[in-house]
Amino acid sequence: MSLGTAEDDSASEIHIPADIDWHMLDKSKFFFLGAALFSGVSAALYPVVVLKTRQQVSPTPISCFKMSFAIMRHEGFRGFYRGFGTSLMGTIPARALYMTALEVTKSSVGTVTLKLGYSDTTAMAIANATAGLSSAMAAQLVWTPIDVVSQRLMVQSACHNSVKSNLPSVSSYEYRNGIDAFRKIVYSDGLRGLYRGFGISILTYAPSNAVWWASYSVAHRLIWGGFGCYMGKKDENGNMVNDCGGCTNGFRPDCRANVAVQGLSAAMASGVSALITMPLDTIKTRLQVLDGEENGQRRPLTIVQTVRSLVKEGGFAACYRGLGPRWASMAMSATTMITTYEFLKRLSTKTRDGF
């Protein structure tokens, strides 16, 4: 399925680069380059994820500035990268599953919806939403255990000094590293401990990805449509004329224009997705990190207990703690992800003879 061009007349002369389908990619190059590129992206954005996670498990509101200052003061710069090694180990297989499910689903569903007679814009929105849903579900099989381990490492140091950090105690165990945390979680809770919050992770990330990819595809085409209206108009002969009155054969955006539109579309889609799914993400994080007390013993929290605790601490607004860092993280991650992803696909495209 191709991105094609915008549907309205004024935008129809914008020659947007065609989308690259799954069958057009060199798979070995795609996965190898993807692992390297997305590892770099993850490293750049990891401190924001740490801030978001600590804000979500905090029993009282605390600003990003105060949280950042506390981490730097008590833990140093390394505090912003607690659990990064574990997270990076899971990113590579999770991303591989994510990208495979995304491209296969998008290509298949896009072809089917076009054959059913849907317009190009509608078919693309449906294909992207379905692809986002399936890719998130596939990735969570790998990502949930990594998420549980890395998030505990993120908040561990602060939890040993809850007065200074404003965080509750998370676990009676002290984890030396990701492998040690993995072993101790399995010892205390079994394999189920690694999949704590798996159900709500699916409920969080699957709709979030579906909303994001659908919003992205719509925003992408709307921006190009508006850009087409701004850049030129048709004369009585149907030719595109620019602001100086000269005829053109259509506007061909350069690389910078493509990146700018992709980045703006990604940021818009992230805002919509973050607002809709933030309460679920907060509940998921607390389920994966915090324990409750029952008859003097530590027990995993239930969803009901988590919601009650949040409401008691600050009402519905407590579910939106960390919204700023999460939106910033999603926007920066999505912007770098989509531009890196499109760049990766073009680097990995087979030659014409290989199609």
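The values are calculated or read from the model by the stated rules, or taken from the named source; none is laboratory data. Everything quoted here is computed from the prediction, not taken from an experiment. Note: ideal-geometry Cβ built from the backbone for every residue, glycine included; neighbour counts use all protein chains shown. The accessibility values were calculated without ligands, DNA or RNA, using every heavy atom of the protein model including side chains. Shrake-Rupley method; radii C 1.70, N 1.55, O 1.52, S 1.80 Å.
Any residue that is out of contact with any strand residue (DSSP E or B) (no Cβ under 6 Å at 6 or more places or on another chain), open to solvent by 60 Å² or more (accessible area, probe 1.4 Å) and at pLDDT 75 or above - is there at least one of those in the stretch 38-56? Yes, the stretch 38-56 contains at least one residue that is out of contact with any strand residue (DSSP E or B) (no Cβ under 6 Å at 6 or more places or on another chain), open to solvent by 60 Å² or more (accessible area, probe 1.4 Å) and at pLDDT 75 or above.
Just wondering, is there one or more residues in the stretch 135-155 that are at pLDDT below 85 and either more than 30 Å from residue 105 (Cβ to Cβ) or touching a strand residue (DSSP E or B) at 6+ places or on another chain (Cβ under 8 Å) (or both)? Yes - at least one qualifying residue is present in the stretch 135-155. Restricting 31, 80, 65 to residues that are among the hydrophobic types (A, V, I, L, M, F, W, C) and closer than 29 Å to residue 350 by Cβ narrows the list to 31. If a residue has to be assigned to a helix (DSSP H, G or I) and either modelled with pLDDT under 75 or open to solvent by 40 Å² or more (accessible area, probe 1.4 Å) (or both) to count, how many in the stretch 343-355 make the cut? Of the residues in that region, 6 qualify. Checked against the criterion of being open to solvent by 60 Å² or more (accessible area, probe 1.4 Å), in contact with a helix residue (DSSP H, G or I) (Cβ under 7 Å, 6 or more places away or on another chain) and not in a helix (DSSP H, G or I), the stretch 67-76 has no qualifying residue.
Within the stretch 282-300, can one find any residue that is modelled with pLDDT under 75, closer than 19 Å to residue 221 by Cβ and in a strand (DSSP E or B)? So far as the stretch 282-300 goes, no, none of its residues is modelled with pLDDT under 75, closer than 19 Å to residue 221 by Cβ and in a strand (DSSP E or B).
Does at least one position in the stretch 307-324 carry a residue that is in a helix (DSSP H, G or I), closer than 18 Å to residue 198 by Cα and either of a type outside the set (Lys, Arg) or open to solvent by 40 Å² or more (accessible area, probe 1.4 Å) (or both)? Looking for residues that are in a helix (DSSP H, G or I), closer than 18 Å to residue 198 by Cα and either of a type outside the set (Lys, Arg) or open to solvent by 40 Å² or more (accessible area, probe 1.4 Å) (or both), one finds at least one in the stretch 307-324, hence yes. Quick one: in the stretch 102-146, of everything that is more than 23 Å from the chain's Cα centre (by Cα), assigned to a helix (DSSP H, G or I) and touching a residue at least 12 places away in the same chain (Cβ under 8 Å), which residue is surrounded by the fewest Cβ atoms within 10 Å (Cβ to Cβ)? Checking each candidate, the answer is 111.
Yes/no matrix, rows are residues, columns are (1) under 28 Å from the mean Cα position of the chain (by Cα); (2) modelled with pLDDT under 85; (3) surrounded by fewer than 18 Cβ atoms within 10 Å (Cβ to Cβ); (4) at positive phi:
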{"residue": "170", "(1), (2), (3), (4)": "yes, yes, no, no"}
{"residue": "173", "(1), (2), (3), (4)": "no, yes, yes, no"}
{"residue": "181", "(1), (2), (3), (4)": "yes, no, no, no"}
{"residue": "194", "(1), (2), (3), (4)": "yes, no, no, no"}
{"residue": "200", "(1), (2), (3), (4)": "yes, yes, no, no"}
{"residue": "205", "(1), (2), (3), (4)": "yes, yes, no, no"}
